[in-house]
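Here is the structure we will look at.
The values are calculated or read from the model by the stated rules, or taken from the named source; none is laboratory data. Because the structure is predicted, anything quoted here is derived from the model rather than measured. Neighbour counts are summed over all protein chains in view; Cβ atoms, including those assigned to glycine, are modelled from backbone coordinates with ideal geometry. We work out accessible area using only protein heavy atoms, side chains counted, and drop any ligands, DNA or RNA first. Shrake-Rupley method; radii C 1.70, N 1.55, O 1.52, S 1.80 Å.
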Amino acid sequence: MSLCWRIDLFGGPRIISPSGESVTHFKTQKSAAMLAYLALTLPRSHPREVLAERFWPDKDPAHGRNSLSAALSSLRPVLGSALVSDKFRVGLDPNCVTCDVAEFEVKLAAGDVIGAAKLSGAEFLPGFYDDWILMERERLQARFEACSERAMERTVGKAGRLYGFSLIESAFIGREAEHEQVLQHLWSGKRLLTLKGMGGVGKTRLAHEVARHCRESFPGGVFWIGLEDQHSGDALLRRVAAALHLPLQPNMPLSEQFGRVLTPRGRTLLILDNTEQIPDAPVAIRSLLASASECVCVVTSRKKLGLRSELTLELSPLSLPAAEQLFRERAVASQLGALFPTESSGAVTELCRRLDGLPLALELAAARIATLTPQQMLDRFEERFRLLQSQTVDLPERHRTLRATIDWSFEVLRREEQQLLTQLSVFAGPFSTDDAEAVCGGMEVLEGLLVLRESSLLSSAQREDQREARFVLLESLRVYATERLAEQPELQVSTQTRHARHFLTLAEVQLAQFNTPTEAQALRRLDLLAANLREALEVAPPELAPRLALALARPLQRRGFFTEAIAPLERGLAAHRLPELVWERAGLHFDLGTYDDATRLAEEARQLYLAIGEVVGEARSENLLGQIVYKEKRWSAARALLQQASERLAPTEATLEQAIAKNNLALVELEDPDGDSERAIVLLTEALTVHRTLGDLRGVAATVTNLGNLTFAREAWETTRQHFTESLDVERTLGNVFGIARALNNLGETVQQQGESEQALRYYVAAHQLFVELRHEYAAYTESLIDALVRETVVVEERVAELRRELVGKSAEEIAQEVWP
């Protein structure tokens, strides 16, 4: 029989069936771990009692064998005959099952390090912490590193490894002297070297070449760290930490943590690319170097850092011979070199001279060789440069040549292509062909996009998970195009308005999916629209601003980012005080615990809804007012407001709002010392039925949370655990960070009552980290639970710190997965 089942343990466990179907979810983590063990130990089989003892050591033999049988039963529907077992032994059929770890070992044995690296691109069994798994993870990593070192020694001797570098296949031209100078400084022990120069002068390319040739001197490795999207010193240090895979400790300054990691590695080189937009970069880099004595930094920037220890190398434009060589090489590399014959040599020389020897300008010119000869470029070039010089005399020197390069690239376009480029500046980030056609109407947009892409004025931004082509304007080109668009005020306003309407339409389609089974997908799509919605809100006409504000604020609120949702709502309210906006803003005050402001705005929303005769809106406002007084423990007032809202909704078809009102009424009955808990159960059951019928996952999460609170009060721990577990599962599906944190906290309190102190601590630490990130008041409450657990049990503070280190830098979804039992 041929091998037909595959089990991947790197990034797994994952079962790939003969038909190509992938299975990654297992009934329990124990069954997944046991499957991994059977795959790892192929072709051996194992006695049942050995497996029971290994995976269920805390159970007596009989119960252990029962658990083993249950685990096998959950795997058999997936694996079929590939899972071989009898009364005595269990294993996988080696004739029809293979494992990626075995393939990994074979490739390493054959010296195929690259092949092994492709197989082990993800961690071995991530999220599993059994002792045997940790030992195997370390063994595989050590084996791979040893083989990698041997392979490296065969090629470049005792070279350090390069991390984060992109492949650059183009020839390195015209910087040989500077390259040698930088190497000499690094070899002499300099620890801070800045490559300074104007945009497009070749700082990044030189840094790449330096790293490739000096890695022998850095046994700790050479790390490439791009900073073009960072704007603070703290963000700079966090990007460095991410590149080093440094597990951050929240209570220790970032800079102090680098020494602990970098010093044992030996001399380590960090290439910090693009720091000019970070005002406090000098402070951050100085602290980094002070804390890590073995660290060396090469910085690329348009300005010096201004540190005493800094050695600056300023890059000038290329010499004329080097500029000509670069231009010809780039044109030939694009397989278009035949378009300029030998007799055009004089034109090439003149073109390179007029481009000031700037590498970026030369490469842009070479990209146009498909449609223009060097002489044709010159024919269009001289007048434009003269006009540009007269118009940009007040610009900083470092901008003049780059602006001239971009201006020249702009002027060789046809008028229709120029207009398209300026209109594309309204997009914040990547955009699709459909987006461009919707916003930049009145021309052949598709053809224009192709021209701009071929002219290197547009870059491709397509990801593997996207089916449609996507483009992006580099930031310097976008700034330039924005200024050009501003020269045509009518076109600017019409384009910005179409942009706002287009993305608002896309967003409102997704907003309509809220409280439906597809809300989670809608939230993910809204994440992709957010940057353009923010851009649109900045310049939107007053009639669109309120809707744009809601489109931005609602997803943030539903993800638990209450503070971040404030700004767009305030901007929308400044344009128009719509009752829906006022109600949303009141809800944010409620979420953040500022109840006086919440009351004031909820009452305003109620009056606004009353004025326009919108019964459901009026009831929603009363519902919110009831929630506020509930938080203030004014039970009678809360019950009256919520009952009033419920009665107002009764004759309407607003079943969702009716269910929400019942949910909140149940909370009052639960918390009020004189409340009726049996009525609470009835209300919650009715509400849950509605939410499940509607497919409203958010309502399901809220209701089962309240059911959990009720059963918690009755000390029905296992039922409570089931409710809170379902709530966590739903909140993870929705990506609701606040909901995830709340569910984790609730689970912690529940399992603590069941005597599971370690698991309770894991839940508390995870919840606390998320509440801190959200800047929510519940962080203090969760911290108090952690402190109490440390005082009252065998849990020690070192364990708390260890758990916090494990979770640093992880997303809410990753944190929830990390602490899952």
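Quick notes on this one:
- So residue 710, is it over 24 Å from residue 591 (Cβ atoms), in contact (Cβ under 8 Å) with a residue 24 or more places away in the chain and buried (at least 18 other Cβ atoms within 10 Å of the Cβ): no
- Selection status of residue 324, within 22 Å of residue 174 (Cβ to Cβ), at pLDDT 85 or above and touching a helix residue (DSSP H, G or I) at 6+ places or on another chain (Cβ under 8 Å): yes
- Any hit, segment 609-623, residues being open to solvent by 60 Å² or more (accessible area, probe 1.4 Å), over 21 Å from residue 734 (Cβ atoms) and touching a Phe, Trp or Tyr at 6+ places or on another chain (Cβ under 9 Å): yes
- Verdict on residue 170 being polar (S, T, N, Q), modelled with pLDDT under 85, under 30 Å from residue 331 (Cβ atoms) and open to solvent by 50 Å² or more (accessible area, probe 1.4 Å): no
- Against the list (1) more than 33 Å from the chain's Cα centre (by Cα); (2) closer than 24 Å to residue 700 by Cα, the condition residue 561 fails is (1).
- Of all residues in segment 388-402, none are of a type in the set (A, V, I, L, M, F, W, C), open to solvent by 50 Å² or more (accessible area, probe 1.4 Å), at pLDDT below 75 and over 43 Å from the mean Cα position of the chain (by Cα).
- Contacts under 7 angstrom Cβ, first residue in segment 788-807 being without any contact (Cβ under 8 Å) to a residue 24 or more places away in the chain and closer than 20 Å to residue 753 by Cβ, partner open to solvent by less than 30 Å² (accessible area, probe 1.4 Å) and assigned to a helix (DSSP H, G or I), 6 or more apart: 790/800
- Selection of first residues in segment 96-112 that are farther than 25 Å from residue 81 by Cβ and of second residues that are modelled with pLDDT of 85 or more, restricted to Cβ pairs under 6 Å at least 6 apart or on distinct chains, gives an empty result.
- Failed criterion for residue 776 (all others in (1) free of Cβ contacts under 8 Å to residues at least 12 places away in the same chain; (2) open to solvent by less than 50 Å² (accessible area, probe 1.4 Å); (3) outside any helix (DSSP H, G or I) hold): (1)
- Selected residue (only one of 533, 573, 523 is closer than 21 Å to residue 439 by Cβ and touching a residue at least 12 places away in the same chain (Cβ under 8 Å)): 533
- Complete set of residues in segment 15-46 that are buried (at least 19 other Cβ atoms within 10 Å of the Cβ) and in a strand (DSSP E or B): 15
- Every condition in (1) touching a Gly at 6+ places or on another chain (Cβ under 9 Å); (2) surrounded by fewer than 18 Cβ atoms within 10 Å (Cβ to Cβ) holds for residue 754 except the one numbered (1).
- Selection count where residues are among the charged types (D, E, K, R), open to solvent by less than 50 Å² (accessible area, probe 1.4 Å) and free of Cβ contacts under 8 Å to residues at least 60 places away in the same chain, scope segment 732-751: 1
- Pairing each residue of segment 130-144 that is assigned to a helix (DSSP H, G or I) with any residue that is modelled with pLDDT of 85 or more, provided the two are 6+ apart or on different chains, yields C-beta distances under 6 Å for 133/125; 137/124; 140/124.
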